[in-house]
Amino acid sequence: MTTFGGHFDDVLAANALHAEMYVDPDLMATAARGLAVLTCMDSRIHPLPMLGLEPGDAKVLRNAGARVTEDVLRTFVLAKYLLGVERIMIVAHTSCRMTTNSEDDVHQAIREAGGPDTRSISFLTAADQYEAVAMDVQRVRSWPYLTGVPVGGFIYDLRSGVLHEVDS
């Protein structure tokens, strides 16, 4: 009997089937292609096939809006020095709720959905997505623990599947 009241039964059942046919690929913990990718948590994005990658090729980080936060910077430092990362991509996407709503809109939507008052949280919304990506690229480039790491910014078009480079 699960301690979570059955809330995860569907995914646990799927995992049991997965485990029956699982073969350990014996991958290294390092990024085989020397790449770290920060992208949005949006479930419409599949980072590995989007970039022609296989499991083990890259370190993939995800958060709302693909924004560079303190935790992302911390993770990039670990990835650079301990996990073979030599280059970083920041990949935002079209139709992202973090670019179509203001901070106030997001706080209100959460309240209207029955959530708590979240005004103490910054959701890092951005009216100009290209500007936000360029700013985040610059933030990584200027982080003293990541000097010399090539960093690129991109917008992924959900309709066409094309990556557009962001000038930074």
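The values are calculated or read from the model by the stated rules, or taken from the named source; none is laboratory data. In this text the structure is predicted, and so the values were computed from the model without any measurement. When we count neighbours, we look across all protein chains shown, and the Cβ atoms used for this are built from the backbone with ideal geometry, even at glycine. Heavy atoms of the whole protein, side chains included, go into the accessibility calculation; ligands, DNA and RNA do not. Shrake-Rupley method; radii C 1.70, N 1.55, O 1.52, S 1.80 Å.
Table for the structure above
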| item | result |
| --- | --- |
| Axial C-alpha extent at least 15 Å, average Kyte-Doolittle at least -1.0 - helices from the chain (DSSP) | 9-21, 70-82, 129-142 |
| Difference of contour (0.36 nm per residue) and Cα-Cα distance, D157 to M28 | 43.3 nm |
| Accessible area of the chain belonging to carbon and sulfur atoms, whole % at 1.4 Å probe | 56 percent |
| Å² per residue, accessible surface of the chain at 1.4 Å | 62 Å² |
| Nearest-0.05 FRET efficiency for T147 and S122, computed from C-beta distance (R0 35 Å) | 0.85 |
| Among (1) 19.4; (2) 16.0; (3) 17.9, the entry derived from the coordinates for Kirkwood radius over Cα pairs in Å | (3) |
| Relative contact order (%) - the chain, alpha-carbon pairs under 8 angstrom, separation at least six | 22 percent |
| Area accessible to solvent at Y22, 1.4 Å probe radius, in Å² | 120 Å² |
| Calculated from backbone phi, Karplus (6.51, -1.76, 1.60) coupling profile of region 51-56 in Hz, x at Gly/Pro | 10, x, 10, 10, x, x |
| Under 5 Å, built H, 5+ apart or other chain: amide partners of V85 | A31, K80 |
| Sequence-distant residues sharing a close amide H with V37 (under 5 Å, placed H) | K59, V60, L61, M89 |
| Largest to smallest accessible area among M41, M98 [probe 1.4 Å] | M41, M98 |
| Long-range amide H partners of G153 with built H, under 5 Å | I90, V166 |
| Potential extension, D167-E112 segment - 0.36 nm per residue separation minus Cα distance | 16.1 nm |
| Where labels lie 7 Å past Cα in the beta-carbon direction, separation of M135 and R74 in nm | 2.3 nm |
| Paramagnetic reach from D104 in region 118-141 [backbone N under 13 Å; point 7 Å along Cα→Cβ] | none |
| Antiparallel bridges, percent of DSSP beta bridges restricted to the chain (to nearest 5) | 20 percent |
